[in-house]
Structure formats: structure tokens, C-alpha cells
1. Spin-label point model (7 Å from Cα, Cβ direction): what's the Leu71 to Ser97 distance in nm?
2. How much length, in nm to one decimal, is gained on full extension between Val123 and Lys82, taken as 0.36 nm per residue of separation minus their Cα-Cα distance?
3. Assuming a ≥ b ≥ c are the square roots of the Cα gyration tensor eigenvalues, decide whether the range 58-154 counts as rounded (a/c under 1.5), prolate (otherwise, with a/b larger than b/c) or oblate.
4. So, by mean Cβ neighbours within 10 angstrom, what's the order for 144-152, 183-191 with the highest one leading?
5. Please turn the phi angles of the range 158-170 into ³J(HN,Hα) values with the Karplus equation 6.51 cos²θ - 1.76 cosθ + 1.60 (θ = phi - 60°), one per residue in order, whole Hz, x for glycine and proline.
6. Expressed as a rounded percentage, what relative contact order does the range 74-149 have, with Cα pairs under 8 Å and six or more residues apart?
7. Just to confirm a number: summing +1 for Lys and Arg and -1 for Asp and Glu over residues other than Ala242 whose beta-carbon lies under 14 angstrom from that of Ala242, what do you get?
8. Cβ under 12 Å from Gln148's Cβ, Gln148 left aside: what net charge do those residues give with Lys, Arg +1 and Asp, Glu -1?
Amino acid sequence: MSASTPVHSLTPLSVKTRKGASPLVCLTAYTTPVARLADEACDIVLVGDSVGMVLHGLPSTLGVTMEMMILHGQAVMRGISKALCVVDMPFGSYEESRAQAFRNASRLLAETGAGAVKLEGGVHMKDTIAFLVARGVPVMGHVGLTPQAVNTLGGYKVQGRDSDAARVMAEARAVEEAGAFAVVLEKLPQQLGRDITAALDIPTIGIGAGPDCDGQILVIDDMLGLFADFKPKFVKRYATLADDAAKALAAYADEVRERVFPGPEHSFGERT
Ligand SMILES: Nc1nc(=O)c2c([nH]1)NC[C@@H]1CN(c3ccc(C(=O)N[C@@H](CCC(=O)O)C(=O)O)cc3)CN21
Ligand SMILES: CC(C)C(=O)C(=O)O
Ligand SMILES: [Mg+2]
């Protein structure tokens, strides 16, 4: 199962040629049941390294490992039948050399069956992206706010304001020139999201980069109202699952204490 190459209706190439058509709908997923839901609604399902913060309680994405990405990638692929599955390369798995990047990217594809990898960085990752693409690894880029660089960026801040816009534009152009099939733009002024989208031939997928990107992505636990540790301004909550769950658990606790649960319909009588 895991090492096979399933045929999905969306491929990196079909995503690339969707530029200018209807917006690309993207969400993260980390488990099989949630991937099944995302697969129904989405074009692209990302196994984000946000899994470390969202499901494992880590303080940033820096502690996420290849083993975690492979395990969650395998779980997500079991729930996908039509969307394109992209797996994030974790911090430290691709920055050292092009060879290191290929060794780890090829493991992610081979051991999960996903269709592409995503890695953070533009100009300084251009050679690495080109190296991977030339060797059969479709790459999605990620520029602007790159969370794996939180320590050098000094926080999860808006990137590309004012005179910094030209730098972020250059990062996005480098990703395209390297042969990536799409690029995530994170936490940019909406005008810059629009300008980069107009300047590139590959689709842009925004998260806090305004409404003019070729697609949008959110962390699924954020949009479901399930992740409560923080809420970036770019997140819209479409549900209140953490609140709903807290209410359900309180009701269960009350009913157990009052001996209301289990009722006769949940209990087993004598066989007669
Ligand atoms: N749940 C979750 N959602 C995400 O979007 C996400 C993750 N986790 N983990 C990996 C990265 C980290 N990301 C982040 C994290 C924080 C902000 C943010 O804007 N936080 C605060 C304050 C930021 C600051 O100025 O320092 C905010 O006010 O929105 C944005 C993106 C995006 N990714
Ligand atoms: C927020 C998206 C783009 C991501 O990289 C992640 O979930 O790790
Ligand atoms: Mg990520």
C-alpha cells in the first residue's frame, strides 16, 4: 500500500495548469478520518509540519522529524482518493545539501505514496528545488513567513512590507525558476500577494496573503475551531469544535456522576 503510486485525479502538473482557473482549495490533514473529509472538499491536502504544534503540543515546527512526517503522511494517504497529497519536509531534512534533500524527499514520496513535497525558502533553496525536480520529485515552494525560520525572523510576523516586498517577490520568482509546480505565500500584505500572483506562471496558494492568490490554505484544526492555543488573524473559524467537545465532555461527566449514563439502551440484560 504505502510504497505504491496511486493515480489521483489531481497531479502536480494538473495543479500547475489550473493557474487562472477556479481557486485551488487546500487544507492540512494529519490523520485518516480527517483526510477523508478534506479529500471530499479539497484539491490539495497538505500533511503540514504544523502537525508538531497542532497534534503533538510542540512549541514550534522545529522539533518535527522525518519519522513523524512519514507516519502522518501514511495515515493521510489512507484517507485520500482524489486530492493531491503534499508532505512538508521537516526542519533540518533538506537545508544541508542537495543530496540530503533528495534522500529525504525521496523517502517521503516512497514511504507515503504522496504526490509531492513542500519545503520552505526561495533564493537560497533554488538549487535544491531544481535538483529535486530534475530527479522526479515534484516540489511546492513556501515563501514569505516561513515558520521553520521563526528564530531568525524574530516571530510569526508579516513579511514583505514596504521595501521588503522586492525581497519576497525575488524569493517567489526563484521558486518558480527552480521548477516548483506551485508556491505557498504566507502572511504577506494583500497587495504583494496580488503582485506575486500576477508575476508568476505557477499557482500561488495563500495563507494570510489576501484574496487574489490562485488558491487558499488553512490548518484544518484552526478553521474547525479545534486548535485553541493561538489564532492567527488570517484564520476564519467555520466551526467551534473545541467548544462543542468541551460541552459534550461536561455532559458525559455529569451523566456518569448522576448515574444517568449508561442507560438501559447501552446495557446488556440476561439472555433468556
Ligand atoms: N495551528 C497552526 N496554524 C498555523 O497556521 C500554523 C501552525 N499551527 N503551525 C505552523 C505554522 C506557524 N504559523 C503561524 C503561527 C502564528 C502566527 C501568528 O500570526 N500569530 C500571532 C502573533 C504573531 C506575532 O506577531 O508574533 C497572531 O496574532 O496571529 C501565524 C502563523 C502558521 N502555521
Ligand atoms: C500552514 C501550511 C502552509 C503549512 O506549511 C503547515 O501546515 O505546516
Ligand atoms: Mg509547514
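Read the figures in this text as sums done on the coordinates, not as results from a lab. Keep in mind it's a predicted model, so treat the numbers as computed, not measured. Here the Cβ positions follow ideal geometry from the backbone for every residue, glycine too, while neighbour counts run over all protein chains shown.
1. My value for the distance between the label points is 2.9 nm.
2. On the way: separation 41, 0.36 × 41 = 14.76 nm, distance 3.24 nm.
Additional length available on full extension: 11.5 nm.
3. oblate
4. 183-191, 144-152
5. Working through the residues one at a time gives 4, 10, x, 7, 6, 6, 7, 4, 4, 4, 5, 4, 5 Hz.
6. On the way: 95 pairs, mean separation 23.7, N = 76.
After rounding, I find 31 percent.
7. Working: positive: Lys231, Arg237, Lys247; negative: Asp221, Asp222, Asp229, Asp243, Asp244.
Here the charged neighbours net out to -2.
8. On the way: positive: Lys118; negative: Asp49, Asp88, Glu95, Glu120, Glu186.
Summing Lys and Arg as +1 and Asp and Glu as -1 gives -4.
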